[in-house]
Structure formats: C-alpha cells, structure tokens
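Structure first, then comments.
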Amino acid sequence: MGGCFSDVKGGKQAVGGGHQRPINRDGDVNDAVELFNRARGVESLCTPLELSLSATNLIDRDIASKSDPMVVVYVKKGDGFLGKLEELGRTEVIMNNLSPAWIEKITVSYQFEVVQPLIFQVYDVDTKYHNVNVKTLKLEDQEFLGEGSCNLSEIVTKQSRSVTLKLHNRSGRGGTRNLGTLIVHAEETMASKSVVEIKFRCSQLENKDLFSKSDPFLRVSRIVESGSSVPICKTEVVDNNLNPVWKLLSLSMQQFGSKDNPLIIECFDFNSNGNHVLIGKLQKSVADLERLFKERSGVNFVIPSSLGREKLSKGQLFVDQFNEKQQFSFVDYISSGFELNFMVSVDFTASNGDPRKPDSLHYIDPYGRLNSYQQAITEVGEVIQFYDADKRFPAWGFGGRTAGGPVSHCFNLDGTATGFEDGILTDLQETTDALVRASDLPLSILIVGVGTADFKQMEILDADNGQRLSSSTGRVATRDIVQFVPMRDVHSGRISALQSLLEELPGQFLSYMRARDIKPLTFNATQPSTLQL
C-alpha cells in the first residue's frame, strides 16, 4: 500500500505497524519460488486471492483494558494427522478492540483441483510485544482467543465471497462460552498496475478533546459486493491539530477496484485506549477525489446520528495532490532482463572451531551432510540462480587465517581457513554507518545467524521495527536493505529460512527502482542491469 500507516505508534503504532507490507504485492513475495518450481517442471494454474478479516465479540483476556487481537492464517498441507500447517501470514495487531477489522490482507493462491483447508487462529498480543514486528512474535507467548477453519472453496463459491466462522478452542469445541466470530472475505487479485497517489488535508475539524485538540487520522474503506465495507488504508496520526495535512497515500487499483467504486472515508480522533472517536465520514470514489483536486474544492464530513439522521459537519476534506501512474512489478523488471547477482560471505570465528574438525560449525562432512552455512547458502542459491545468467556465485570468508597466514577479512573459500576471535558484531556503529551509505546502492544484504550467540545487534540492523537505520552523523538510510534470520529459529521449525530471507527482497528491489524512476528494460531499451545480493 506504500503510504499506509497504522493508527498506533508507541501508542500510535500497532505491533509491526511501521513495517506493514504493501497490500499491492503483485505476487512479488512468491515470484522467486514460482519460477523455481517452473524451472523444475512444476507448473500450477492458480488464482491469487486476498483475504480480508474482521471479527465480532472476541473474548477479553485483559484486565485493565481490552484484548489486542491479531490473526495468524495457515493452510493445511497433507491429509489427516499427517497434515502440516503452513503459515500464510499474519495481520497487524489492533489495540483494545473486541470487534476489529484488520487492514493487512492475507494472500493465498486458489487451486480448483486441490482441497485447501484454512486455519485461522486469533491471539491477544501481550503489551510488552507492542513494539515488535508481528512476524517475529512467538505465539506461545500470546493469549489464544479462538480458532476457526474452512476450505478455501467454501469462500469462493459463496455469492458474497464471505464466510462467518464461529470461533472455538483448539479441541474443536467452544464449550459453553461464546468465543466470538471471524468473518473472512476473499477477493481476486487484479492484474492492473494502476496506482493513485493522494495527499489529504482537512480544515475546521470538530474538537473531540477537552484539554487539547483532536489527534486526527483517516481510514479509507471499500464497499464490497455484500454492501459491507473493508478497510484498505489508514493515514498516520497528526497530533493536536484541527487542520491536519497527512503524508502521501498510495492506492492501487487492486485496492479500490475501479475509479468509480464508492469508498468510505472516516476521520477519527485517536485515543490510546483504542476507542477512537468518529469526527465525521463521507462517501466518495477515486474519480470524485480527482474532481476535488482539479476543482480545488472541499467536501463536508457527515456526522451520523443514533436516530438515523445525519448532521453536516463544518469540517471539510481536501485533496492537495492527485497523481495517477503505472507501477511496475518485480516480474516486469526481471522478465525484461534485470539480474540478481548472489555473493556469499562467511564469518569464521574461533568459537566456531577449526573447520577441519567435526565439532566445528564450518565442518565439511565427507558423507555430504550439510552444515548450517551450507544449508543456508544452498537454499537461497537454488532460488537466486534463475535470476543470474552465469549461475556462478563468488564466495569469501572473513575473520580467519588461511594456511597459517595472518588474519584476513577477505579470503576465498577454499577450505583452508581457521578461526580467529572475531565473534558477533562488535562495531555496531561502524557497521550501521556502512549500511546507511550502502542504502543508496542497488544492494540487499541477507544475514543468517549461525550458532548460539546473542544476535540482538543483528536484529537492530534488520530495521523491521519500521525505524530506518541512522548513521553517527545523523543521516537516515534511504531504504531498508538488511534481512536477518537466526538459524536456530529455522532448526526449531519456527520459520522457513528461504521464505524469511527472501520475502523482503522484491520490495527492497522495487524501492530502489521506484525511488530513481528506473523502468523495466523493455521501456528503456538499454542493456541488462544487475542487483547485488
């Protein structure tokens, strides 16, 4: 969604809210795996769908406030007890709300010839994790609120493309207590790459606070076939301001359907307890918003009444900027000739031992069993190789000695290196400064943490909390270029190394291209280009 913001950060940023993935993915997250499967002769015909989720009457697990719910969605692979649950995605966390409507969509590929059981688990996220990215949350540390399940075919065969699931506990029964319901709505992903950038502002909003001014934010929702609305975007919160101006929002046609589809635009006064107060609402299409921009005119909000009558508010909404453009996808660039060059660098440390001995993390097993380093390199390389014409990957080591020589921080991996006390990251600020400088380059850095060391500093470099890295001189990174995964989480079965390492790569690639207005080569008529990994 590009310019979509959570309404809670600190108190105004939902868990992981600063790093929400765009709803307009154009299938980017799965492109690498898709092409990998095709190269091996596995061709699947499928329809990409997006699942919108909302709930009603969830149980309250909190004492002084309401539950802070998040949904985790799985697809069951295999039959019966042998079936495995594969995580499809997680929504954002919505604070203090027992009837939430989540903005983050879950992407799933619908296949007619396959039964696809979906499992939806709802959790109350503990307050101490409210500044943690949702994808890193350990579910065992959260309160379980309920579970629902259905087959994907049950959703798509409904005229409304929606199902309402009664939540139950993990045993399959809810007992005598009502655990609430989950509403799942499916929509087909559109191929159009049309994107509209809109900058909103308001004037003379009604003040909802006693001792200060309102803290307004906008929520944009789309009206679906059944007549209900599905949230698609929020602005950030502007503190203490009745004439707010918000940052640019980017809406794709995938989100609004067509320029004539009605949208609901609501203005709220933010409250940290989650009970945001409605300042006013209105209904306009994207075409209507374009007219407002061209005419330089505003439109009044309406205040709903419990008696069914509406009151016209003096507060107005204006469109200060409206740009419509085509946005290219990851596949557009790759298919036009762009390449990804994969380079490997391995950290040799004394704690990892002599790689010639079996107790070393670097040990090369004569029987072919892969060590953790080899496993990570192989998994990523099997996917990346299809984007690199020569399929040759330079590999170096650092922090080791070769053939009894001096310590080197750059040597070819030829199997003769021994460890040196280099260890985990000890020069965090220097490393951060280098990464901030590198953020201007066509470069992505994928880090796999091997061993039992404390990798907290590596997690800082990942910047998954939505805060970009800042150098010692105060310069902020132009984009996030680091992705970190601890191998121990992979071995514990918590995450897939391949998925976790590569899921942000298309977005990092696109952020570089779009920031510099670089178009696919079929539009530029230039020679193939490369991105370094």
Taking the criterion of being within 14 Å of LEU205 (Cβ to Cβ), open to solvent by 10 Å² or more (accessible area, probe 1.4 Å), at pLDDT 95 or above and touching a strand residue (DSSP E or B) at 6+ places or on another chain (Cβ under 9 Å), would at least one residue in region 245-261 satisfy it? yes
Suppose we filter LEU370, LEU441 for residues that are at pLDDT 85 or above and either of a type in the set (S, T, N, Q) or surrounded by fewer than 15 Cβ atoms within 10 Å (Cβ to Cβ) (or both); which single one remains? LEU441
Subset of region 188-221 [closer than 26 Å to MET70 by Cβ, modelled with pLDDT of 85 or more and either surrounded by fewer than 17 Cβ atoms within 10 Å (Cβ to Cβ) or not small (Gly, Ala, Ser) (or both)]: ASP215, PRO216, PHE217, LEU218, ARG219, VAL220
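Within region 229-241, track down each residue that is touching a residue at least 60 places away in the same chain (Cβ under 8 Å) and not in a strand (DSSP E or B).
Here is the first cut: in region 229-241, the residues touching a residue at least 60 places away in the same chain (Cβ under 8 Å) are 230-237.
Result: THR235, GLU236, VAL237.
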Given the conditions (1) modelled with pLDDT under 80; (2) surrounded by 16 or more Cβ atoms within 10 Å (Cβ to Cβ); (3) farther than 25 Å from LEU502 by Cα, which single one is not true for HIS409? (2)
Determine if region 272-290 includes at least one residue that is assigned to a loop (DSSP other than H, G, I, E, B), open to solvent by less than 60 Å² (accessible area, probe 1.4 Å) and polar (S, T, N, Q). no
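Has region 343-366 got any residue that is open to solvent by 60 Å² or more (accessible area, probe 1.4 Å) and aromatic (Phe, Trp, Tyr)? Working first, answer last.
Here is the first cut: in region 343-366, the ones open to solvent by 60 Å² or more (accessible area, probe 1.4 Å) are 343, 345, 351, 356-359, 361, 364, 366.
From the residues that got through so far, the ones that are aromatic (Phe, Trp, Tyr) too are none.
Checked region 343-366: no residue is open to solvent by 60 Å² or more (accessible area, probe 1.4 Å) and aromatic (Phe, Trp, Tyr).
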Tally of residues being of a type in the set (Phe, Trp, Tyr) and over 15 Å from PRO216 (Cα atoms) across region 270-315: 1
Residue pairs qualifying under the 9 Å Cβ cut-off, at least six apart or on distinct chains, with the first in region 251-265 being more than 19 Å from LYS199 (Cβ to Cβ) and in a helix (DSSP H, G or I) and the second being at pLDDT below 80 and of a type in the set (D, E, K, R), are GLN254/ARG25; GLN254/ASP26; GLN254/LYS193
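The values are calculated or read from the model by the stated rules, or taken from the named source; none is laboratory data. What you are looking at is a predicted structure, and each value in this text was computed from that prediction instead of being measured. As a convention, Cβ positions derive from the backbone with ideal geometry for all residues, glycine included, and neighbour counts pool all protein chains shown. With ligands, DNA and RNA removed, areas are computed over all heavy atoms of the protein, side chains included. Shrake-Rupley method; radii C 1.70, N 1.55, O 1.52, S 1.80 Å.
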